[in-house]
Amino acid sequence: MSDQDSSTSSTSFPKYLEHLSGDGKAIGVLTSGGDAQGMNAAVRAVVRMGIYTGAKVYFIYEGYQGMVDGGSNIVEAKWECVSSILQVGGTIIGSARCQAFRSREGRLKAACNLVRLGITNLCVIGGDGSLTGANLFRKEWSGLLEELAKNGEIDSDTVKKHAYLNVVGMVGSIDNDFCGTDMTIGTDSALHRIIEVVDAIMTTAQSHQRTFVLEVMGRHCGYLALVSALACGADWVFLPESPPEEGWEEEMCLKLSENRARKKRLNIIIVSEGAIDTQNKPITSEKIKELVVTNLGFDTRVTILGHVQRGGTPSAFDRILASRMGVEAVLALLEATPETPACVVSLRGNQAVRLPLMECVQMTQDVQKAMDERRFDEAVKLRGRSFEGNLNTYKRLAIKEPDDKIPKSNCNVAIINVGAPAAGMNAAVRSAVRVGIAEGHKMFAIYDGFDGLANGQIKEIGWGDVGGWTGQGGSILGTKRTLPGKYLEKIAEQMHSKNINALLIIGGFEAYLGLLELAAARNKHEAFCVPMVMVPATVSNNVPGSDFSIGADTALNTITDGFHSAVLLSEARNSHDEFCIPICVLAATISNDVPGTDISIGSDTSLNVVVQTCDRIKQSASGTKRRVFIIETMGGYCGYLANMGGLAAGADAAYIFEEQFDIRDLQSNVMHLTEKMKTSIQRGLVLRNENCSVNYTTDFIYQLYSEEGKGVFDCRKNVLGHMQQGGAPSPFDRNFGTKISAKAMEWISAKLKGSHGTGKKFVSDDSICVLGIQKRDLLFKPVAELRKATDFEHRIPKQQWWLKLRPIMKILAKYEASYDMSDVGKLEPVHNHGELSAI
């Protein structure tokens with residue numbers, strides 16, 4: 001499949017970025033160490049941003065080995081060279097571990113090969129070892145050039161002209177083991193592979209009442225094991241940073257037997273490959289199996305995932321992350337001076353930042369040193385706030401204390417889902433229920449939204465009732481868009497009769513409006529004078545007060561996956577008559593989405609169709625060229641899905657409500673694609689948000705493109721519809737829902753503490769809030785304050801952070817765009833991971 005990006009606009013450097021012109025500069029990009037999904041997206045971004053700024057960009061094949069060997073291993077990259085790689089796992093420029101580069105002699109050869117091509121800017125994508133090597137190379141650079149001049153391999157003018165080397169790193173590692181960044185490139189995709197396997201294993205384990213021991217990667221870091229355990233609700237997890245306490249064998253077996261006694265038909269144990277005990281002795285998956293079989297007699301199987309975790313298509317999150325990092329890396333190189341230390345581009349919250357490379361490396365090495373010295377509590381803290389929070393949340397949700405050990409709060413807390421279903425809602429409910437019970441509250445589930453609340457559909461819900469909910473799509477509680485306004489009397493009566501002391505609302509914009517209506521009715525209904533908090537859950541990601549909503553990540557993956565499958569199937573249909581029927585089967589499967597049930601986007605049949613079709617296409621003709629796909633996404637008036645989906649899929653254009661357009665813009669885009677079809681990239685992708693324009697509908701754009709492109713390209717259109725709300729939640733949404741809902745319950749507990757029986761009424765603004773992530777912080781925002789930040793007519797926030805990323809999509813499609821650099825440019829201090837690392 002070809003990339004969707006254009007290659008035909010003017011290459012003159014934009015005036016608004018002249019101070020960062022790359023004219024006369026050369027950038028080398030290499031991938032080193034273990035491969036990770038998303039590396040290709042990073043390479044693509046570096047190449048295209050570099051060329052866009054006027055710099056020359058060179059591929060360095062096979063990592064440092066290619067740099068040492070030189071010759072055909074260092075090749076200038078062209079715009080078209082990075083087409084059709086966004087959706088490809090691994091790295092197209094190869095990666096290899098290089099002993100030669102460890103010696104000064106090897107680095108001398110590498111310097112010679114680079115300087116002869118004028119390459120003095122290096123972008124390294126790899127782990128801490130690769131980045132450490134790059135920093136050493138940078139420090140030795142001037143000395144290496146002097147030695148080369150002394151040996152007669154270069155002249156003194158070359159030494160002066162290329163006197164210093166700039167180095168910027170991006171961390172490509174599925175282990176997420178690099179300190180200073182919330183997420184490393186490849187981690188999210190690896191979690192997708194793990195969760196796909198876990199979800200598959202759960203069905204067979206339930207059928208036979210089996211225990212499965214699943215071993216995941218992570219020789220020195222337990223992030224993958226920990227987060228996948230959170231995402232699937234594993235019974236036990238083994239991590240290198242947090243070994244089990246003495247006597248863990250008996251404790252684990254007791255928990256497994258208790259779960260089985262509660263009629264749980266399966267047990268899942270997740271083991272990091274580097275798992276150890278408190279004496280630093282390995283805990284292997286086979287040892288755990290033997291323990292379970294010997295002590296409990298359970299039918300137990302071991303599954304070792306291995307390199308499956310490195311393979312497959314990168315997730316939408318990794319594509320976007322890598323694209324942002326690649327653009328930022330080029331800007332950092334162009335801004336660098338001889339005094340600028342080597343930096344690493346990292347993710348903090350939803351922002352790309354630059355951090356001192358060696359400080360991050362040192363902190364990463366400190367974690368390993370702490371583990372070696374058995375200072376495990378310190379190792380967990382050094383991993384960062386997020387890792388520590390994930391571990392505490394897992395322990396709280398996985399292990400239920402005996403009832404007699406839980407202090408009772410004598411408070412009743414209710415949970416309700418409101419609005420359209422969103423993947424991850426069930427994970428949020430499970431988390432809230434279990435944290436609430438652990439806090440001593442009595443938890444109640446409200447079924448079918450505010451309708452159900454008004455009609456008394458309220459039932460107590462227990463710890464075991466929410467078992468296995470994390471991987472379920474839709475809303476098990478049921479959800480409706482009905483607002484509470486017309487039921488206020490009945491709702492107040494029900495809350496009073498059930499003695500509801502606090503309310504947790506999980507939902508989208510309707511939930512936000514409902515919270516506002518309840519807040520306004522407090523002066524009339526005393527039952528509403530209780531702590532209320534909303535957790536955003538909507539595919540549209542349009543709730544004021546939060547940059548992210550539960551469900552949006554799953555929807556983005558649906559868009560990217562759905563588009564690539566549509567392209568492959570459409571190509572095959574033109575070449576092979578037998579593919580006409582499978583396309584109909586896939587369409588019927590996709591449209592069969594029932595809110596409130598766990599129906600996968602692709603059934604076993606349709607998945608096999610896609611896989612077989614892909615294989616057949618690769619083996620047969622290249623398929624249809626000169627085709628433009630027009631895809632309509634959901635989101636109401638919010639263009640988040642269209643914009644971010646366009647960035648993840650490599651779109652030529654994404655039409656959104658927030659950026660108004662007219663017929664001239666459409667005409668310009670058609671001309672852009674017409675010119676593009678004359679190059680080797682003969683395919684286009686256009687995304688349209690469903691409510692971006694009243695007049696420029698999907699049908700209108702399809703007909704316009706078809707007419708204006710007649711004889712040059714043809715068009716296909718696809719309305720994704722409610723498939724974006726269905727399917728199993730992504731790892732991000734499972735864990736984001738789990739963590740943010742746990743935080744919401746902790747807030748409720750803090751509010752209720754000491755208030756029961758006192759007659760205290762909660763009437764202040766800070767007792768009715770929206771919980772969300774803004775930039776780098778998890779914040780409780782009173783709904784009263786959010787009114788000013790809301791465009792109620794179009795149901796979107798007035799300020800939306802992701803609009804700053806829109807120029808990246810345009811630049812990588814070779815349109816001229818004004819890139820906002822107000823948030824970049826400074827080297828930031830290193831500190832622990834932020835709140836966004838929910839996955």
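Computed from the coordinates by the stated procedures, all read-outs in this text should not be read as laboratory data. If you're wondering where the values come from, they're calculated on a predicted model, not measured in any experiment. Here Cβ is always computed from backbone atoms with ideal geometry, including for glycine, and neighbour counts include all displayed protein chains.
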Legend entry - Cβ crowding within 10 Å averaged over residues, with 101-109, 506-514 ranked highest first: 506-514, 101-109
Inset, instruction - For the stretch 755-823, calculate the relative contact order in percent as a whole number, restricting contacts to Cα pairs under 8 Å that are 6 or more residues apart. - result: 16 percent
Inset, instruction - Among Pro338, Ser315, Ile269, pick out the residue whose Cα is farthest towards the positive end of the charge dipole of the stretch 262-338, where Lys and Arg carry +1 and Asp and Glu carry -1 on C-beta, about the Cα centre. - result: Ile269
Legend entry - Prolate/oblate/rounded call for the stretch 389-514, Cα gyration tensor, a/c under 1.5 rounded: oblate
Inset, instruction - Kindly rank 402-411, 666-675, 334-343 from highest to lowest mean number of other beta carbons found within 10 Å of each residue. - result: 666-675, 334-343, 402-411
Legend entry - Long pairs among Lys408/Lys459; Lys255/Lys459; Lys25/Lys109; Lys739/Lys761; Lys287/Lys743; Lys751/Lys781, criterion Cα-Cα beyond 25 Å: Lys255/Lys459; Lys739/Lys761; Lys287/Lys743
Legend entry - Under-5 Å amide H pairs with Glu632, H placed in peptide plane, nonlocal only: Arg688, Asn718, Val719, Leu720
Inset, instruction - Quick one: which residues, 5+ away or cross-chain, put their amide H under 5 Å from the amide H of Phe444? H built at 1.01 Å from N. - result: Val413, Ala414, Ile415, Ile461
Legend entry - Derived scalar couplings ³J(HN,Hα) [the stretch 169-176; Karplus, 6.51 cos²θ - 1.76 cosθ + 1.60; whole Hz; x for Gly, Pro]: x, 10, 8, x, 7, 6, 7, 6
Inset, instruction - Please state, rounded to one decimal and in Å, the Kirkwood hydrodynamic radius that the stretch 693-816 gives when every pair of distinct Cα atoms enters the mean of 1/r. - result: 19.9 Å
Legend entry - Sequence-distant residues sharing a close amide H with Met183 (under 5 Å, placed H): Leu347
Inset, instruction - Out of all DSSP beta bridges with both ends in the chain, state the antiparallel percent to the nearest 5. - result: 25 percent
Inset, instruction - May I ask you to evaluate 6.51 cos²θ - 1.76 cosθ + 1.60, the Karplus curve with θ = phi - 60°, for each residue of the stretch 45-55 and list the ³J(HN,Hα) values in order in whole Hz, giving x for glycine and proline? - result: 5, 5, 4, 6, 5, x, 5, 4, 7, x, 7
Legend entry - Whichever aspartates and glutamates have a C-alpha closer than 14 Å to that of Lys161, once near sequence neighbours (fewer than 8 apart) are set aside: Glu146
Inset, instruction - On a 0 to 90° scale, report how tilted helix 552-575 is relative to the longest principal axis of the chain, with both axes built from alpha carbons and the result rounded to the nearest 10. - result: 60 degrees
Legend entry - Note, ³J(HN,Hα) from phi for the stretch 713-726, Karplus 6.51, -1.76, 1.60, rounded to Hz, x at Gly and Pro: 8, 10, 10, 9, 10, 8, 9, 5, x, 6, 4, 6, 8, x
Legend entry - Globularity ratio of the stretch 44-144, using Cα Rg and 2.2 N^0.38 Å: 1.06
Inset, instruction - Using a/c under 1.5 as the rounded threshold, could you call the stretch 246-345 rounded, prolate or oblate? The axes a ≥ b ≥ c are square roots of the C-alpha gyration tensor eigenvalues, and prolate needs a/b larger than b/c, oblate otherwise. - result: prolate
Inset, instruction - For the stretch 316-361, just say rounded, prolate or oblate: build the C-alpha gyration tensor, square-root its eigenvalues into a ≥ b ≥ c, call rounded for a/c under 1.5, and beyond that prolate if a/b exceeds b/c, oblate if not. - result: oblate
Legend entry - Sorted peptide list for 642-655, 704-717, 459-472, criterion being average Cβ within 10 angstrom, highest first: 642-655, 459-472, 704-717
Inset, instruction - Over 18 Å, how big is the tail of the calculated P(r) for the stretch 425-576, in percent of all Cα pairs? - result: 63 percent
Legend entry - Mean-position separation - Cα centroids, the stretch 687-765 and the stretch 513-550, in angstrom: 16 Å
Inset, instruction - Note the per residue figure in Å³ for the convex hull of the C-alpha positions in the chain. - result: 163 Å³
Legend entry - Residue-averaged [θ]222 nm for the chain, counting only DSSP H segments that reach four residues, each worth -39500 (n - 2.57): -13000 deg cm²/dmol
Inset, instruction - Mind computing the radius of gyration and Dmax over the alpha-carbon atoms of the stretch 650-733? Å is fine for both. - result: 14.6, 44
